[in-house]
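Scroll down for the structure; my scribbles are underneath it.
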Amino acid sequence: MASIDASKPLLDLIAKHESEGAMAVQGVKSGYDVVVQQSFEITPPIKPISTMTINEVLDWQVKAIRAYKQKTHSKQGYSAVGRYQIVYRTLQDLIGLNDLGRVFDREIQDELAFVLIKRRGWVSWKAGKISDSRFADALSQEWASLPYNTGNSYYAGDSHGNRALISRDEVIRVLSKIRNSIEV
């Protein structure tokens, strides 16, 4: 739990740019209940995402993807949910069969985001084996709102219209702050 606590400034930074801007538009009280805007406009969830079981969230994601494709005649669909905007395939990959009945609440969303941070190199970065810059690049490959070393989203130019919503300097500042608190 200490590691997830140490990552809180990073989790907050990601959430600020992934979900919190959509709270007012979607009429939710928390980024934990935000869904990707393209799907919200076509198939808003019938209850807050943070009160659904993971199985219900996965079902909603499938319906949202299908509805978007049908309405827009697109090959692409949108399924990102929650504070960290976790897409269907990633959520499917992160969840075991035993967890399908678990509620997709704040705790599980934070845990899953931390798993994604760890996959992107948290342990190596924390140990000083990779630089802030390299870790920031890895994170930008998970979250489109974070800038790659070019200053643009790693996913800029894709069909989803992704773009960086924060400066590279701000990401590096947060990582430096975390590193300094870890070393103390």
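Could you let me know the centre-to-centre spacing of region 88-157 and region 1-75, using Cα atoms, in angstrom? Taking the Cα centre of each part, region 88-157 and region 1-75 sit 15 Å apart. Got a sec? Charge dipole of region 1-96, +1 on Cβ for Lys and Arg, -1 for Asp and Glu; which of A15, F40, G96 is way out at the positive end? The residue sitting most towards the positive pole is F40. Taking a Cβ cut-off of under 12 Å around A64, the surrounding Lys, Arg, Asp and Glu residues balance to a net charge of +2, with basic ones at +1 and acidic ones at -1. When the P(r) of the chain is calculated, the portion above 19 Å amounts to 58% of the C-alpha pairs.
With 5 Å bins beginning at zero, the pair-distance distribution over Cα atoms of region 18-104 amounts to 3, 17, 27, 26, 18, 8, 2, 0 %. Past 29 Å, Cα to Cα: identify those pairs from K8/K129; K8/K71; K75/K129; K47/K177; K8/K63, in the order given. Exceeds cut-off: K8/K71; K75/K129; K47/K177; K8/K63. Considering only G101, G31, G121, the mean-square fluctuation computed in a Gaussian network model of the chain, springs between alpha carbons under 10 angstrom, is largest for G101. Helical runs (DSSP H, four residues minimum) scored at -39500 (n - 2.57) apiece and divided by the length of the chain put the mean residue ellipticity at 222 nm at -15000 deg cm²/dmol. Listed peptides 103-114, 164-175, 134-145 appear in the order 134-145, 103-114, 164-175 once ranked by packing, highest mean of other Cβ atoms within 10 Å at the front.
Since every read-out is calculated from the coordinates, none of them should be taken as a lab result. The structure presented is a predicted model; accordingly, all values stated were derived computationally and were not measured. FYI the Cβ positions are ideal-geometry reconstructions off the backbone, even for glycines, and counts take in every protein chain you see.
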